[in-house]
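Have a look at the structure below, then the notes.
The values are calculated or read from the model by the stated rules, or taken from the named source; none is laboratory data. Given the structure is predicted, the values throughout are model-derived calculations rather than measurements. As a convention, Cβ positions derive from the backbone with ideal geometry for all residues, glycine included, and neighbour counts pool all protein chains shown. Each accessible area value is taken on the protein alone, full model and side chains, heavy atoms only, with ligands, DNA and RNA left out. Shrake-Rupley method; radii C 1.70, N 1.55, O 1.52, S 1.80 Å.
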Amino acid sequence: MIVRFAPSPTGYLHVGGARTAIFNWLYTRSSQGKFLLRIEDTDRERSSEEMTREILGGLRWLGIDWDGEPLIQSSRIARHTEECHRLLAEGNAFWCYCTTEDLDAQRGTAEAAGGAFLYPGTCRHLTDEQRSANDAAGMPRVLRFRVPEGRTVFNDIVHDETSFSNTEIDDFVILRSDGTPTYMVAVVVDDHDMGVTHVLRGDDHLSNTPKQVMLYHGLGYETPQFGHLPLILGEDKKRLSKRHGATSVGEFQQRGYLPEAMFNFLALLGWSPGDDREILTRDELVASFDIRRVLKKSSVFDEEKLRWMNGQHIRLMDDGELLRRLLRHRPDDLVDVDEAQMRAVLPLMKERMVLLPDFFENGRYFWRDPEEYDTDGVNKRWKAGIPELLTDLLPLLESCDFTPEALETLIRESAEQKGMGAGKVIHPIRLALTGATASPSLFDMMTVLGRETCLRRLRRAMAQIPVPES
Ligand code: GLU
């Protein structure tokens, strides 16, 4: 089995494209097939090498590897043209001299009458003399495929038997007036020459498929097996687009999503393992992938779910690997924070992170003294009695064991002595140490911060936060 992913480098790798790549990749990696890559860059004006690099980078980031070198479609124009001429020689294509203006006028009339415009076959039956006269007069021409009568039927892995009446399909262009082959014919010739046996792609290509099937027949090629994957929708059930927020894989990478989570999430858009598992590693996905379970109906891109999955994959990840990933998201103002310091904090933050930058953004107080204190926290937690309690506690903190257990005993006992509940003391201490109202377990955090930092921050909070009225 040979499949391919055929992105056009006219834009970034979109989540829809990535999902198509993932399904193709899973399909071959679960059955020892080949996964080929083809860069469809024949639209020279809109394609760029930068986008090609970006797309390949996005695939690599997702852990999608391909067999052999990517095929560059524009390097094969001569071959596409040759096959167009074969279609012409064998009577399956004809030159058409209709001008764009004439065709546009006919389209206008048809649409005004409420109908759809189909090329009416004007140049289908020109005689050799008429053609020669047109050529001699230097009239521009395009090569059109001669659509046969009847129906075009193909079996789609997702949609089962799919059939189109050929009367709905007009004699489409295969060579433009500048002599360049169109997408429609280039795809078919390339898929054939690359030995592609299964074409899995987005539903947006379903309407191109009857034309391509006719080309397969016209060229005498064996037709591959098609499978059209359901569309990905935004939360408003409209086709996912930039309007919905981030849609390029690179943006998700930058925001601190793990490729493992992105891969898992996209694999479950339009497919399910057949049980209720949702968190699956790449290997588990390869082991359970079955193309017959691709769903027909479109699926919604739910970013909340992706965030949840990301948190789950963070928890699954080995600490050393997670640290390596985190280093890439370390902000410029925390470059002095080294790996050993991060390693000490990791067990406290791992359970609380959703995206990789959360480690630094939400855990900044592990390395920096708070500059201010959460106002609501101050109003709610910095109550009468707290400064006195801290004054008594400070000398004890200077000499006690700095372990979570010893700190917990000490702080609870101090609270008790003042007739306060432990909560009434833990929250203001957290506020003093972090400036925030939420953090990992106070006692674990204090141990990681160390005695000196804790004492300094407590003193500073006592000096800066106004003494509450009793
Ligand atoms: N280059 C086309 C696209 O990016 C894909 C063509 C195909 O898969 O047949 O939409």
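Within segment 260-312, how many residues turn out to be under 20 Å from residue 33 (Cβ atoms), out of contact with any strand residue (DSSP E or B) (no Cβ under 7 Å at 6 or more places or on another chain) and assigned to a helix (DSSP H, G or I)?
Selection size over segment 260-312: 11.
I want to confirm something. Restricting to segment 1-25 and keeping residues that are near the ligand (Cβ under 8 Å from one of its atoms) and closer than 19 Å to residue 188 by Cα, which single residue is surrounded by the fewest Cβ atoms within 10 Å (Cβ to Cβ)?
Filtering first and then ranking leaves 8.
Cβ-Cβ below 7 Å, separation at least six or inter-chain, first residue in segment 394-417 and under 18 Å from residue 457 (Cβ atoms), second open to solvent by 70 Å² or more (accessible area, probe 1.4 Å): which pairs?
397/451; 402/451; 410/396; 414/392
Give the residues of segment 26-52 that are away from the ligand (no atom under 14 Å from the Cβ) and within 16 Å of the chain's Cα centre (by Cα), sorted by residue number.
Of everything in segment 26-52, just one residue is away from the ligand (no atom under 14 Å from the Cβ) and within 16 Å of the chain's Cα centre (by Cα), namely 26.
Just to be sure, is residue 405 touching a Phe, Trp or Tyr at 6+ places or on another chain (Cβ under 8 Å), surrounded by fewer than 16 Cβ atoms within 10 Å (Cβ to Cβ) and under 26 Å from residue 347 (Cα atoms)?
yes
Residue 368 - would you say it is without any contact (Cβ under 8 Å) to a residue 60 or more places away in the chain and part of a loop (DSSP other than H, G, I, E, B)?
In short, yes.
Hey, which of the strands (runs of 3 or more DSSP E) in segment 139-237, taking only ones fully inside, have at least 2 residues that are of a type outside the set (D, E, K, R) and within 16 Å of the ligand (Cβ to nearest atom)?
198-202, 225-229
Go through (1) open to solvent by 30 Å² or more (accessible area, probe 1.4 Å); (2) out of contact with any strand residue (DSSP E or B) (no Cβ under 7 Å at 6 or more places or on another chain); (3) among the aliphatic types (A, V, I, L, M); (4) closer than 20 Å to residue 118 by Cα for residue 139 and report which single condition fails.
(4)
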